[in-house]
1. Taking the Cα centre of each part, how many Å lie between segment 155-171 and segment 1-80?
2. In the chain, what % of DSSP beta bridges are antiparallel (nearest 5)?
3. Which shape class applies to segment 1-101: rounded if a/c is under 1.5, otherwise prolate when a/b exceeds b/c and oblate if not, where a ≥ b ≥ c are the square roots of the Cα gyration tensor eigenvalues?
4. Accessible area per residue of segment 51-171 at 1.4 Å probe, in Å²?
5. Just read off the accessible area of His87 with the full protein assembly in place, 1.4 Å probe, to the nearest 10 Å².
6. According to the square roots a ≥ b ≥ c of the eigenvalues of the Cα gyration tensor, what is the shape class of segment 113-171, taking rounded for a/c under 1.5, prolate for a/b larger than b/c otherwise, and oblate for the remainder?
7. Return a whole-number percent for the relative contact order of segment 47-171, with Cα pairs under 8 Å and 6 or more residues apart as the contact set.
8. Within the set Lys45/Lys150; Lys75/Lys110; Lys75/Lys161; Lys75/Lys167; Lys45/Lys93; Lys75/Lys153, which residue pairs have Cα atoms separated by over 18 Å?
Amino acid sequence: GNKYTKKDLSSLLEQANIALVREGICYLKDLPVSLFFVDLDKTDKKEERFRFEDYFEGEFFHWDTQTTQNIDTPKIRDIALGLLTPHLFVRIKSKIKNITQPFIYCGSLKFMEHEVKTANPAHIIFRSVDYDDFTANEDLQNIYLWSPSKIGKNTQSEISKKSEVSKERLV
């Protein structure tokens with residue numbers, strides 16, 4: 001639930017490349033980790049192809065890869081196989097009143113499945129390992145509750161996790 005800029009993370013993790021990342025995913029040098037930087041509300045994106053569907057559905061996070069990626073792209077495959085652990089950083093809007101917003105750390109993700117009919121981008125569902133139903137953090141609450149319907153869109157995903165609870169959380 002802490003707030004970070006890419007520059008903050010670059011300094012904290014001693015990885016200069018993070019501050020330079022323009023895409024939504026960053027792979028860390030010599031570490032089995034990837035960082036996902038996600039803007040939920042993409043209405044400010046001029047091109048429709050950059051309006052990916054990313055949102056929480058309970059403890060599950062729906063994420064679209066970049067338009068050049070599919071489930072068989074090497075790094076995406078490594079994430080699906082658990083060889084790379086994604087860490088999720090989210091903000092609802094990239095800018096408010098022309099001020100760039102920091103990202104909120106939402107924890108690590110575990111690959112669950114992907115929507116078979118999707119590619120370039122592929123639609124992937126992760127379990128948010130650190131999801132907190134009872135968080136008092138208002139930023140996290142807003143992120144968890146955000147959905148495409150908040151900007152007048154319906155999700156295109158055929159996979160719904162609406163009332164599902166992972167077996168890991170049932171224990």
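The values are calculated or read from the model by the stated rules, or taken from the named source; none is laboratory data. Everything numeric in this text was worked out from a predicted model, so none of it was measured. The protein model used for the area step is the full one, side chains on, heavy atoms only, and it has no ligands, DNA or RNA in it. Shrake-Rupley method; radii C 1.70, N 1.55, O 1.52, S 1.80 Å.
1. 21
2. Rounded to the nearest five, the antiparallel share is 75 percent.
3. oblate
4. Result: 55 Å² of accessible area for each residue.
5. The accessible area of His87 comes to roughly 40 Å².
6. oblate
7. Once normalised by length, the contact order is 31 percent.
8. Violating the 18 Å limit, Cα to Cα: Lys75/Lys161; Lys75/Lys167; Lys75/Lys153.
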